[in-house]
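**Q** I have a structure here, written as structure tokens, and I will follow up with some questions on it.
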Amino acid sequence: MQDLVNTINGYIWSSALIYLCLGAGLFFTVLTRFVQVRQFSEMWRLLMSGKSSEKGISSFQALAVSLSGRVGAGNIAGVAAAIGFGGPGAVFWMWVVAFFGAATAYIESANAQIYKEEHDGKYYGGPAYYIEKAMGQKWYAWIFAIATILATGVLLPTVQSNTIGTAIEQVFSNSGSIATGIGVISYAKLYTATGIVLLLGFIIFGGIKRIANFTQVVVPFMALAYILISLIIIALNITELPRAFMMIISDAFTPMAGFGAAIGWGVKRGVYSNEAGQGTGPHAAAAAEVEHPAQQGLVQSFSVYIDTLFICSATAFMIIITGAYNVHGVGDGFIVQNIGSNIAANGPEFTQIAVESVFTGVGKPFVALALFFFAFTTILAYYFIAENNIYYIKRTFKLPGAVFILKAVIMTATFYGTVKAANVAWGLGDIGVGLMAWLNIVGIIIIFFMSKPAIKALKDYEEQQKANVDKYTFDPIKLGIKNATFWENRIAKAKSDKINEY
């Protein structure tokens, strides 16, 4: 199984996808004239001012849902893996892909808002919707929808739940084990898997509102607590900070694990963590209630900063400053070995050891708790994304009971991932991320060359900004954007209501 997963990943995560992620981010950064820098203050204003409705969630809730997808195992275990296999320089490439990826996040999320639809009194959208409507290629949209259901409904939840199980097993290392049909499982993992599945079932059977309400409370609180702990650790080792920073910069260009390893692991774990270009964020973006599509594009762009530049950096500095890492070489050897050779890089142990070195007796439980909330909310986001794509397919086929089956499948995958080995779980997750990234990035590039909808929306929004309008409006027909039926209907209704007033 591991060999098969590795072989598939070798094809999907070739250098072509690495440079496609970086190249797309640079391309859209230039085209938007560095929107992630120019509109930073507007991102913050929108984040604080958005409101929800009966049909859609607020910009902040959409950010929380998408952040719950972005902030997960990748921020703790993913950063550890990037350092463990690519060296400290991999962190630099995570920063690079995050900075340029913020522009990609704007493009894909603005597209999702432009081409969203309303079904059963709720907003739905995402790459499948904008691929069909903007590209006019329904077959390609179907491939993305099916790949996304497979990735977010089956493959990716295993990574998140596995990281939770591994972290809790570190805390209760003497819990004992039991032989089962799928191997020997520790009681710590078994009880954790059961608890996660029960809580997951309670929330996903409550719908997007319950998911949004849960994540908007948990994600900001846990992210702030995690960053606070990291700042304390950095402050207590402040003399080591310049050395750690220079190690990240120097190793990015003269890497200890090889130049390709630093870039490859940095980009792979960067995309896994911030998800810019992967096509997951647009689903939450489409569910938001906003006056103009560009607004949610800007909010989603800001989420990449929170994820990688704040939380991933916090993890990286904790690990490097405390020396709680190894760097794997070719085969079973180590280029750098600071801790035991039995400590896996594909897991949360580096981070747990780093925190434990300062907060003795508290570090491992704290990281396990942080991982539980980060990874669990990510599983919720994955469910929401998979459900979104099932609704896309149900526009053509009724598929009775499909959503219920999805709930059962994701709960099963979550249980399985919790109790299985980390390497298999991460390998499956990488396949899911890679498939979605290939399909989505190629899609948004083609859409740009066909009609430039997100760029037109940004230009229109910035013109209204300069005019200091009281309320933003979006008229796709006026901008030459076709098939944006939701916004066309909203404009038509507004005109009709105005006529009826007279």
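Readers should treat all values here as calculations from the given coordinates under stated rules, not as data from a laboratory. Computed from a prediction, not measured in an experiment: that's the story for all the values here. Quick reminder, even Gly has a Cβ in these numbers, built from the backbone with ideal geometry, and neighbours come from all protein chains shown.
**Q** What percent do you get for the relative contact order of segment 2-463 when only Cα pairs under 8 Å and 6+ apart count?
**A** 37 percent
**Q** Would you mind working out the magnitude of the charge dipole of the chain relative to its Cα centre, with +1 at each Lys and Arg C-beta and -1 at each Asp and Glu C-beta, to the nearest 20 Debye? Walk me through the intermediate numbers first.
**A** On the way: 33 positive and 28 negative charges, 203 e Å.
The dipole magnitude comes to about 980 debye.
**Q** Just want to confirm a number: the relative contact order over segment 239-360, from Cα pairs under 8 angstrom separated by 6+ residues, in percent.
**A** Computed value for segment 239-360: 22 percent relative contact order.
**Q** For the pair Asn342 and Phe34, how long in nm is the line joining their label points, each one 7 Å along Cα→Cβ?
**A** Those two pseudo-labels are separated by 5.1 nm.
**Q** What Rg and what Dmax come out for segment 2-463 when only alpha-carbon atoms are used, in angstroms?
**A** 20.6, 65
**Q** Checking the table Lys122/Lys466; Lys122/Lys495; Lys398/Lys420; Lys398/Lys456; Lys116/Lys394 against a 25 Å threshold on Cα-Cα, which pairs fail?
**A** Pairs exceeding 25 Å: Lys122/Lys466; Lys398/Lys420; Lys398/Lys456.
**Q** To continue, here is another question. Could you put Val171, Val433, Val5 in order, starting from the residue whose Cβ has the fewest other Cβ atoms within 10 Å?
**A** So the ranking, lowest neighbour count to highest, is Val171, Val5, Val433.
**Q** Ok, one more. Lys471 versus Thr194, label points 7 Å from Cα toward the beta carbon: distance in nm?
**A** 5.5 nm
**Q** How tilted is helix 402-419 with respect to the longest principal axis of the chain? Cα atoms for both, answer in degrees (0 to 90, nearest 10).
**A** The helix 402-419 is inclined about 20 degrees to the chain.
**Q** While we're on this one: At 0.36 nm per residue, and after removing the present C-alpha to C-alpha distance, how many nm does the segment from Ala179 to Ala225 gain when stretched out fully?
**A** Contour length minus the Cα-Cα distance gives 12.8 nm.
**Q** Sticking with this structure for a sec: Neighbouring Cβ atoms within 10 Å as the yardstick, rank His328, His292 fewest first.
**A** Placing the least packed residue first, the sequence is His328, His292.
**Q** Follow-up. Calculate the FRET efficiency for Ser15 and Ala492 from the Cβ-Cβ distance with a Förster distance of 41 Å, rounded to the nearest 0.05.
**A** The pair Ser15/Ala492 has a calculated efficiency of 0.25.
**Q** Efficiency by 1/(1 + (r/R0)^6): what FRET value for Phe449 and Leu236, r their Cβ-Cβ distance, R0 = 51 Å, to the nearest 0.05?
**A** Values: r = 52 Å, r/R0 = 1.01.
Approximately 0.50, to the nearest 0.05.
**Q** How much length is gained if the chain between Lys394 and Lys122 is pulled fully straight, taking 0.36 nm per residue apart and subtracting their Cα-Cα distance, in nm to one decimal?
**A** 96.5 nm
**Q** As a test of the formula, what do you get for the chain when each DSSP H run with n ≥ 4 contributes -39,500 (n - 2.57) and the sum is divided by the residue count, at 222 nm and rounded to the nearest 500 deg cm²/dmol?
**A** Mean residue ellipticity, 222 nm, calculated: -22500 deg cm²/dmol.
**Q** Related question: Net charge around Glu488, counting only other residues with Cβ within less than 14 Å of its Cβ (Lys, Arg = +1; Asp, Glu = -1)?
**A** Details: positive: Lys116, Lys133, Lys478, Lys482, Arg490, Lys493, Lys495; negative: Glu117, Glu118, Asp475.
Around Glu488, the surrounding residues sum to +4.
**Q** On C-alpha positions alone, give me the angle between the axis of helix 241-253 and the longest principal axis of the chain, in degrees, nearest 10.
**A** Roughly 70 degrees between the two axes.
**Q** Still on this structure: So for Tyr19, Tyr123, Tyr305, fewest C-beta neighbours within 10 Å to most, what's the order?
**A** Going from sparsest to densest Cβ surroundings: Tyr19, Tyr305, Tyr123.
**Q** Summing +1 for each Lys or Arg and -1 for each Asp or Glu, what net charge is found among the other residues whose Cβ lies under 13 Å from the Cβ of Ser173?
**A** Working: positive: Lys189, Lys364; negative: Glu169, Glu349, Glu356.
That sum, taken over residues with Cβ under 13 Å, equals -1.
**Q** Could you state the angle between the C-alpha long axis of helix 2-12 and the longest principal axis of the C-alpha atoms of the chain, as a value from 0 to 90 degrees rounded to the nearest 10?
**A** It is inclined by approximately 40 degrees.
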